[in-house]
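Report on one structure; see the data block that follows.
The values are calculated or read from the model by the stated rules, or taken from the named source; none is laboratory data. In this text the structure is predicted, and so the values were computed from the model without any measurement. Cβ sites come from the backbone with ideal geometry, for glycine too, and all protein chains shown count toward neighbours. SASA here: full protein model, heavy atoms, side chains in, ligands and nucleic acids out. Shrake-Rupley method; radii C 1.70, N 1.55, O 1.52, S 1.80 Å.
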Amino acid sequence: MHQLTLAEIARGLADKKFSSEELTKVLLARIAQLDPQLNSFISLTEDLALQQAKAADVRRANGESGALLGAPIAHKDLFCTLGIRTSCGSKMLDNFKAPYDATVVAKLAAAGAVTLGKTNMDEFAMGSANESSYYGAVKNPWNLEHVPGGSSGGSAAAVAARLLPAATGTDTGGSIRQPAALTNLTGLKPTYGRVSRWGMIAYASSLDQGGPLARTAEDCAIMLQGMAGFDPQDSTSIDEPVPDYSASLNGSLKGLRIGVPKEYFSEGLDPRIAELIHNSVKELEKLGAVIKEISLPNMQHAIPAYYVIAPAEASSNLSRFDGVRFGYRCENPKDLTDLYKRSRGEGFGTEVQRRIMVGAYALSAGYYDAYYLKAQKIRRLIKNDFMAAFTEVDIILGPTTPNPAWKIGTKNDDPVAAYLEDVYTITANLAGLPGLSMPAGFVDGLPVGVQLLAPYFQEGRLLNVAHQYQLNTDWHTRTPTGF
């Protein structure tokens, strides 16, 4: 049962081949057996899962149906879940139990999804390797000595290891697409505002976006259907109708214009990954797509702009964690200043402290114009590049990451080297565009992803291209040895 996709689970439940309760018990036992190798979960919610599974079985017996009704999933541990620890991978929130459900959690629960637990992540979603978690690094099931990517690495590792069919993630600079690429999954970052951020603990509010991680584009369509939609509680949510994503999967790619930016194939890209990307292009050409070289001239400025804007927003968002209202509080503070300093110094890890300091500096009176304002102007130039490109093409294609997964610990002393792994993904966040990563092959036994970008609210187009590609390739069906 653990090899079934979400779509196959939905069919199996509808045909009464097994019950949600039976499936949930199988997967909980599998997590207990295998997750100690991976460290992909922070909290398991066995009682809640069995309760939800039984309720889903009753709903099906009463004639209800739905692709998510009775389907087991997990949530990245920054989605608030009522009465359950929501830690954000940090000592700061190790004792925090959310008093409400995030909109994404509530919507998926209403659709009948079964929550198996909360997955490990880089602390406050700050990282590209899932090594900054207070609960320890997550291991990549394809090679336990390597990182699974981040910050949604726990969700990615759990799905890749077949501990469950799908999970939620969040993407601030590539944190869904990058771990999807490094673990042989399909991961989708929707258009900014497509999925509610209410109850999703913020890192950088103008960049964060929730989305699904699953093995196939078909499963991502099912998950996004349950997650997307306008939310009046989120001021950045966009009131745009949600199409039937599954209905658009089987459209023909004949005549689809795919742009390949020449800037993607620079010296920083592993040539073996470049070859796999070109192979993917040929596959899509066979399906009728038309390939065109394009240019994104301001892409080179994306990383410096992102690593000013994101830390600036983080320094503001994380100021609420002060040891007063909730979260970690230092022992025996001498006064209020000591309470603030020690609670934050002891509660936040190194990477989070680094980004808070960078952000506070960039926003300070003497440097706001020189750094933050300039970064926002670059952001606009990057968006303009995409808008110009999408007058010529329907989809933009390229690598998701410049390298395959690296060994755990090898980039800890050089944070900039880890930041550079986001070079292809962060532009979509800066522009607010939807992006998808899908499996495209292997380098040294480690998975590689190809990234697709589309105009605003064209997630259906991304899913259609990925689904057609997956009908004609088998990369996404490969399973890591031992899982």
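Some notes on this structure:
- Difference of contour (0.36 nm per residue) and Cα-Cα distance, GLN376 to LEU144: 79.6 nm
- Two-decimal Rg/Rh across the range 371-483, once Rg and the Kirkwood Rh are taken from alpha-carbon atoms: 1.02
- Accessible area of VAL465 (1.4 Å probe, protein heavy atoms only, ligands and nucleic acids ignored): about 0 Å².
- Pairs from the table (LYS189/LYS377; LYS76/LYS139; LYS17/LYS54) lying more than 20 angstrom apart at Cα are LYS189/LYS377.
- Accessible-area composition of the chain, carbon plus sulfur, in percent [1.4 Å probe]: 52 percent
- Basic side chains Lys and Arg get +1 at the Cβ, acidic Asp and Glu get -1 at the Cβ, and with that the dipole of the range 389-467 about its Cα centre reaches some 120 debye.
- Part-to-part distance (alpha-carbon centres) for the range 114-164 and the range 391-462, which is given in Å: 17 Å
- Mean separation of Cα pairs under 8 Å and 6 or more residues apart, divided by the residue count, gives the range 1-482 a relative contact order of 18 percent.
- Per residue, the chain exposes 37 Å² of accessible surface when a 1.4 Å probe is rolled over the protein heavy atoms with every protein chain present.
- Alpha-carbon centroid distance for the pair the range 29-48 / the range 230-266, whole angstrom: 33 Å
- With the convex hull drawn around the C-alpha atoms of the range 136-259, the volume per residue stands at 134 Å³.
- The range 346-395 - charge dipole about Cα centre, Lys and Arg +1 at Cβ, Asp and Glu -1, debye rounded to 20: 200 debye
- With 10 Å bins beginning at zero, the pair-distance distribution over Cα atoms of the range 36-119 amounts to 19, 48, 26, 7, 1 %.
- Among THR45, GLN33, VAL58 the positive-end extreme of the charge dipole of the range 29-77 (Cβ point charges): VAL58
- By average C-beta atoms within 10 angstrom, highest first, the peptides 440-452, 17-29: 440-452, 17-29
- Each eigenvalue of the Cα gyration tensor of the range 1-482, multiplied by 5 and square-rooted, gives one semi-axis; in descending order these are 31, 29, 20 Å.
- For the range 245-324, the set of GluC sites (Glu not before Pro) satisfying both a DSSP loop assignment and a count of at most 11 other C-beta atoms within 10 Å is given as GLU267.
- Top positive-direction residue, dipole computed over the range 404-483 with Cβ charges, set SER437, LEU463, LEU453: LEU463
- Here the Karplus curve 6.51 cos²θ - 1.76 cosθ + 1.60, taken at θ = phi - 60°, turns the phi angles of the range 333-339 into couplings of x, 6, 7, 5, 4, 5, 4 Hz, with x standing for Gly and Pro.
- Farthest positive-ward along the range 76-191 dipole, Cα basis, beta-carbon charges - from THR115, LEU182, SER90: THR115
- Only aspartates and glutamates eight or more places from LYS25 in sequence, or on another chain, were considered; those with a Cα closer than 20 Å are GLU8, ASP15, ASP35, GLU46, ASP47, ASP57.
- Note on the range 1-482: with charges restricted to the Cβ of Lys and Arg (+1) and Asp and Glu (-1), its dipole about the Cα centre is near 300 debye.
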